[in-house]
Amino acid sequence: MELLFVTPEITPYSRSGEIGDVCAALPKALRGGGHKVTVISPLWPGIDASARGLARRLSGVEIELGGRRFPCVLHDGRTTGGVELVFVAQPELFAEGPSGGDDAARLRAAVGLSLAAAQVAVTREPAPEVVHAHGWFAAAALPLVKAARPEVALLLSLHDPAQQGRLAPAATDWLPAALTQLLGEGEQRSLLRAGIAAAQRVVSSSEAELQLLRGSTYGLADALGANGKLLAIANGLDAARWNPLTDPLLPARFDPVELQGKARCKDQLQFELELPVRPELPLVACVGQLTPDAGGGLLARALPQLLQAELQLVVAGGDAELRQLMTAHAARHEERLRAIAPADERSVHRAIAAADLLLVPARDPGYPDLHLCGQRYGALPIAPRHGAIADAVVDCDAQLTTGTGFLFETDDAADLAAALGRALAAFERAKPFEALRRRAMKLDVSWERSARRYEHQYRTLRGAS
């Protein structure tokens, strides 16, 4: 099949969170399944076309927005996995980056990307059979493609449904007519609603999120309706980036069968951080952005109780206030606590590889699938019973015969500490804990599994169109 992805970002060219990772890994997995995949995204200022080996097309596209014409230059590229890339360059519209600029600028950039993507879809030969848009930023591409090519199958992945690209009721005269009739009513008018109205399938990354979407949490239940267009397909992990057997950032490699390399990773991290090199002590890692809204506040509240346990805690990341708190506690618990800043790719990988347990205080927008990373690297997650995490992590029973992690109630410091207590008690039981670790590491959390589910949806919609 000919597949066209529309996205505001794609790792490693541009990334502000989950969408960039998904739009790098899922197309690669689909390409491996024999499909031709093209990803179209803005050429943000941080992307050096020459350094990235992108070739400028002789002819571009021109879009009309609010009575003005904006010429767009197209740059072509290709990933090592064979995915074709099309970057749209328009310095006035795409000036701030995927998460920068004020609301008005971001709305204009989103509609500009959608207009350009629709032109590419309409003029491309062979024509795409499926257009898959990602997030509110790309959602408007779907009604625009539908107006020009009604035979194309249309999917929308929501990612963060709280972000909807809302528009003031009176501020839509600059939008294309194909969008204005699908935006919704009053204060609910948004680009995301237009995308939902046009899409034949709307995809969330978890069953738990599905329930929130069907309720009042996001105010989208009326737009989604009850006609079965909403479904959940879990995200996977990019095996090229997250594989303890091949990870170039680790001091030693390992897999579920041979775990000696993991023990060496633990020894090395303890040595580098000047912690006592004690393999019998549980090493707990907590990594990511750790801002007040991304787990940092919960970690700060729970920290005094956590440090009463017999453990070593390594925290990689956090804002200035959290790092200051870490420094103060580390002075009193110098054999138990170390803080690393910033949480760069190397420190995150090495901390997870070394850890026996991975504390995930909340879903992190920078690393939204940490719970999967922990399972893959044998660092059993201690994580909130919420959203995609609740779908992927099964709470361990007392005998450790079932389960793949330890869950606590969201934003509950006392329950977090209780879950840690259960995890530390499990660690004391060496053989059952090792069996639990190996079981979690053997789980199939690959994008190939998720890609097969997307492929089924593509084929179903193609058969229905």
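Where a number appears in this text, it was derived from the coordinates with a stated rule and is not lab data. Note that the structure is predicted; figures quoted are calculated from it, not measured. Note that we place each Cβ from the backbone using ideal geometry, even for glycine, and neighbour counts take in every protein chain shown.
Backbone phi angles across segment 302-316, fed through the Karplus curve with coefficients 6.51, -1.76 and 1.60 (θ = phi - 60°), yield HN-Hα couplings of 8, 4, x, 6, 4, 6, 7, 7, 7, 7, 10, 10, 10, 10, 10 Hz in residue order; Gly and Pro are listed as x.
Indicate the gyration tensor shape class of the chain (rounded, prolate or oblate), computed on the Cα atoms with a ≥ b ≥ c the square roots of the eigenvalues: a/c under 1.5 is rounded; otherwise a/b larger than b/c is prolate and the rest oblate.
Working: a/c = 1.91, a/b = 1.86, b/c = 1.03.
Since a/c reaches 1.5 and a/b is larger than b/c, the shape of the chain is classed as prolate.
Relative to one another, the C-alpha centroids of segment 291-325 and segment 235-251 are positioned 26 Å apart. Distance from the C-alpha centroid of segment 339-405 to that of segment 108-167: 33 Å, rounded to the whole angstrom.
Between segment 27-46 and segment 430-465, what is the C-alpha centre distance in whole Å? If you average the Cα positions of each part, the centres end up 20 Å apart. Mean separation of Cα pairs under 8 Å and 6 or more residues apart, divided by the residue count, gives the chain a relative contact order of 12 percent. Take the Cα radius of gyration of segment 1-128 and divide it by 2.2 N^0.38 Å, N being the number of residues; the result is 1.00. Count charges around A105 for me, please; just the other residues with Cβ under 11 Å from its Cβ, Lys/Arg as +1, Asp/Glu as -1. Every neighbour counted, the sum reads -2. Here, P(r) means the percent of Cα pairs in each 10 Å bin from 0 to the largest distance; for segment 260-441 it is 10, 44, 39, 7, 0.
Can you sort E62, E18 so the residue with the fewest Cβ neighbours within 10 Å comes first?
On the way: E62 12, E18 25.
Ordered from fewest to most neighbouring Cβ atoms within 10 Å, E62, E18 come out as E62, E18.
Test of understanding: ordering S114, S205, S446 by Cβ neighbours within 10 Å, fewest first, what list do you get?
On the way: S114 28, S205 23, S446 18.
Ascending Cβ contact count within 10 Å gives the list S446, S205, S114.
Rounded to the nearest 0.05, what FRET efficiency do T172 and A414 give with R0 = 60 Å and r taken as the Cβ-Cβ distance? Could you check? Result of the calculation: an efficiency of 0.80. Each label was represented as a point 7 Å from its Cα along the Cα-to-Cβ direction; for D344 and E187 these points are 4.5 nm apart. At q = 0.11, 0.12, 0.13, 0.14 Å⁻¹, what log₁₀ I(q)/I(0) does segment 205-300 have when each alpha carbon counts as one equal point scatterer in the Debye sum? Here the Debye-derived log intensity ratios amount to -0.62, -0.70, -0.77, -0.82.
Taking amide H as placed 1.01 Å from N in the peptide plane, the amide H of S446 sits under 5 Å from that of L237, each at least 5 places away or on another chain.
Determine which residues of segment 254-288 fall in the zone a paramagnetic label at H333 would reach in this model, i.e. backbone nitrogen under 14 Å from the point 7 Å along Cα→Cβ. Answer for segment 254-288: 282-286. Only DSSP H runs of four or more residues enter the estimate; each adds -39500 (n - 2.57), and after division by the residues of the chain the mean residue ellipticity at 222 nm equals -11500 deg cm²/dmol.
Using the Cβ-Cβ distance between A320 and D293 with R0 = 25 Å, the FRET efficiency computed as 1/(1 + (r/R0)^6) comes to roughly 0.95. Once every Cα of segment 115-208 carries one equal point scatterer and solvent is ignored, give the base-10 log of I(q)/I(0) from the Debye formula at q = 0.12, 0.19, 0.20, 0.25 Å⁻¹, two decimals. Treating every Cα as an identical point scatterer, log10 I(q)/I(0) equals -0.35, -0.84, -0.91, -1.28. Please work out the FRET efficiency for the pair E92 and D160, using the Cβ-Cβ distance as r and a Förster radius of 30 Å; give the result to the nearest 0.05. The formula returns an efficiency of 0.70 here.
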